Amino acid sequence: MIEDKEGYSCVEANEILYAEGDDKTAVVYVSEQRTFPLSVPIKKAIKQLAQNRKAYHDYFVLDKYEAGIELFGTEVKSLRLGQANLKDSYCTTDGKQIWVNGLHISPYEKGNIFNKDPLRQRRLLMHKKEILKLFEAVKLDGQTLVPLSLYLKGPVIKLEIGLCKGKKLYDKRDSAAKADSERRIRREFTKEQR
């Protein structure tokens, strides 16, 4: 551990030091055993593992929430290889816990006896107030919880769930027509700039 002039503790990693402080994080370069803090914030790397595009086609997404997900080791290894499918998944809640159903995580090749059922029910990790809020919304308003994306946020796997309301057939046609017109306008705009 090294401490710079501003009192941040630094951890060395491949000639670059990461300084940790009170909500202030700066990249610090090492040169002849001296540290030079820069005022550039570090963002946690986000890697997209799977996305549920069908959810945006079938539902209006009213609100989005981020939840942790309870997994076993071989499931994490399989997810890091990108072997997940959110297409037919949905979330259920009983007011105390939230579960995701239908999330397919392929068995890890080298996992042998430690592999779990690919379609098993998995618990989501959220604050109790958020769970109660979602439970009330689903119970009263006829809305549903749908997983939207699965991603790595730093070393942690997160699931983005959406509070959604179903689209009717004419809503799907309207959104398709809107997307088509936007695409046509973008195409015309790029032709004019050439």
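The values are calculated or read from the model by the stated rules, or taken from the named source; none is laboratory data. All of these numbers come straight from a predicted model, not from anything done at the bench. Cβ placement follows ideal geometry from the backbone for every residue including glycine, while neighbour counts extend to all protein chains displayed. Areas reflect the complete protein model, heavy atoms only, side chains present, ligands, DNA and RNA absent. Shrake-Rupley method; radii C 1.70, N 1.55, O 1.52, S 1.80 Å.
A few points about this structure:
- Within the option set 96, 178, being more than 15 Å from residue 67 (Cβ to Cβ) and either loosely packed, with under 12 Cβ neighbours inside 10 Å or over 17 Å from the mean Cα position of the chain (by Cα) (or both) holds for one residue only, 178.
- Taking the criterion of being closer than 13 Å to residue 61 by Cα and charged (D, E, K, R), the residues of the range 123-170 that qualify are 160, 165, 167.
- In the range 124-163, residue modelled with the lowest pLDDT [restricted to those that are open to solvent by less than 40 Å² (accessible area, probe 1.4 Å) and farther than 22 Å from residue 96 by Cβ]: 154
- Every test in (1) of a type in the set (Asp, Glu); (2) open to solvent by less than 50 Å² (accessible area, probe 1.4 Å); (3) modelled with pLDDT under 80 is passed by residue 117 save one, and that test is (2).
- The set of residues in the range 100-114 that are open to solvent by 30 Å² or more (accessible area, probe 1.4 Å) and in contact with a Gly (Cβ under 9 Å, 6 or more places away or on another chain) comprises 108, 114.
- Hits in the range 49-68 - residues which are open to solvent by less than 50 Å² (accessible area, probe 1.4 Å), at pLDDT 85 or above and within 15 Å of residue 166 (Cβ to Cβ): 52, 61
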